[in-house]
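Trainee: Quick one: structure below, then a few questions.
The values are calculated or read from the model by the stated rules, or taken from the named source; none is laboratory data. Keep in mind it's a predicted model, so treat the numbers as computed, not measured. Here the Cβ is made from the backbone with ideal geometry for all residues, glycine too, and neighbour counts use every protein chain on show. SASA here: full protein model, heavy atoms, side chains in, ligands and nucleic acids out. Shrake-Rupley method; radii C 1.70, N 1.55, O 1.52, S 1.80 Å.
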Amino acid sequence: MPVTPRLRQIYEYLVRYSDKYSYAPTIAEIGKQFNLSSPASVHHILSGLEREGLIRRIPNVSRGIEVVKAELSEDEFEIPLLGVVAAGQPIEAILSHETISVPRDMLGRGGRLFALRVRGDSMIGEQIREGDFIVCESRQTATNGQTVVALVDGSDATVKKFYKERDNVRLEPANPKYKPIVVKADRVTIQGVVKGLIRQYHR
């Protein structure tokens with residue numbers, strides 16, 4: 001399960017605070033510590049920590065946060081989370097500067113890895129769903145049948161099956177609702193080949 005640096009940072013703050021005072025900080029105190037002006041933003045982050053099993057929340061209690069002491073796994077490795085990629089029609093590449101934790105056994109012996117959050121459902125036949133994180137090996141080439149992250153016309157990112165057909169590239173979805181994207185090969189730039197998948201299960 002992916003733990004973002006932001007979640008990790010706030011979890012470690014909760015651990016330190018609870019160890020020092022023997023009770024948890026309030027929503028307002030957490031917001032002040034991390035410059036979060038909206039209580040809703042704090043609640044959203046705490047919900048993420050609760051989903052990861054790092055805290056338990058007690059309803060209708062001012063300091064109703066119980067820290068679950070758990071070492072964040074040393075078997076995890078941080079890779080760049082570069083933004084959003086479309087599993088559907090291409091969308092303009094959305095970049096971020098976060099990282100995400102992945103199991104070390106996903107690293108393999110390949111090149112540089114990066115992750116992207118998936119938007120859309122065109123690859124559900126490959127078990128890639130909306131909200132998943134795909135882990136990609138940075139590559140500029142691919143072989144037919146590989147699932148790739150590709151840029152079309154230099155700005156529109158999409159995740160599809162890759163097929164080279166003479167002068168064209170066919171980017172094939174894994175959902176019959178969508179048609180393949182067929183464009184001239186010089187309009188497509190391979191960014192990476194999908195090597196793995198991380199899914200968050202929401203309660």
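Trainee: For helix 39-51, report the angle its Cα long axis makes with the longest principal axis of the Cα atoms of the chain; keep it between 0 and 90° and round to the nearest 10°.
Mentor: 80 degrees
Trainee: Within the chain, what whole-number % of the accessible surface is contributed by carbon and sulfur, with the 1.4 Å probe and all protein chains included in the calculation?
Mentor: Carbon with sulfur: 49 percent of the solvent-accessible area.
Trainee: Specify the angular offset, from 0 to 90 degrees and rounded to the nearest 10, of the alpha carbon long axis of helix 5-21 from the longest principal axis of the alpha carbons in the chain.
Mentor: Tilt relative to the chain: about 10 degrees.
Trainee: Which net charge results for the neighbourhood of residue 84, defined as the other residues with beta-carbon distances under 13 angstrom from its beta-carbon, given Lys and Arg at +1 and Asp and Glu at -1?
Mentor: Details: positive: 117, 119; negative: 92, 98, 130, 132, 156.
Once all neighbours under 13 Å are counted, the net charge is -3.
Trainee: Just to verify a number: what accessible area does residue 34 come out at with the full protein assembly present, 1.4 Å probe, Å² rounded to tens?
Mentor: 20 Å²
Trainee: With all protein chains present and a 1.4 Å probe, how do 197, 7 order by accessible area, largest first? Don't skip to the end; give the middle numbers.
Mentor: Values: 197 65, 7 20 Å².
Output order, biggest surface exposure first: 197, 7.
Trainee: As a test of the formula, what do you get for the chain when each DSSP H run with n ≥ 4 contributes -39,500 (n - 2.57) and the sum is divided by the residue count, at 222 nm and rounded to the nearest 500 deg cm²/dmol?
Mentor: Values: 3 runs with 37 residues, N = 203.
Calculated at 222 nm, the ellipticity per residue is -5500 deg cm²/dmol.
Trainee: So if I place +1 on the C-beta of Lys and Arg and -1 on the C-beta of Asp and Glu, and nothing else carries charge, what would the dipole magnitude of the chain be about its Cα centre? I want it in debye, nearest 20. Could the numbers behind the result be given before it?
Mentor: Values: 29 positive and 25 negative charges, 53 e Å.
So the magnitude is around 260 debye.
Trainee: Give, as a single signed number, the net charge of other residues whose beta carbon lies under 11 Å from the beta carbon of residue 25, with Lys and Arg counted +1 and Asp and Glu -1. The partial results should precede the final answer.
Mentor: On the way: positive: 16, 20, 32, 63; negative: 29.
Cβ neighbours under 11 Å give a net charge of +3.
Trainee: Then there's this: For the chain, what is the Kirkwood hydrodynamic radius in Å, using each pair of distinct C-alpha atoms?
Mentor: It works out to 18.7 Å.
Trainee: Here's something else I'd like to know. Take peptides 138-150, 177-189 and line them up by average Cβ neighbours within 10 Å, highest first, as a rough protection proxy. Could the numbers behind the result be given before it?
Mentor: Numbers: 138-150: 16.2, 177-189: 13.5.
So the order, starting with the most tightly packed, is 138-150, 177-189.
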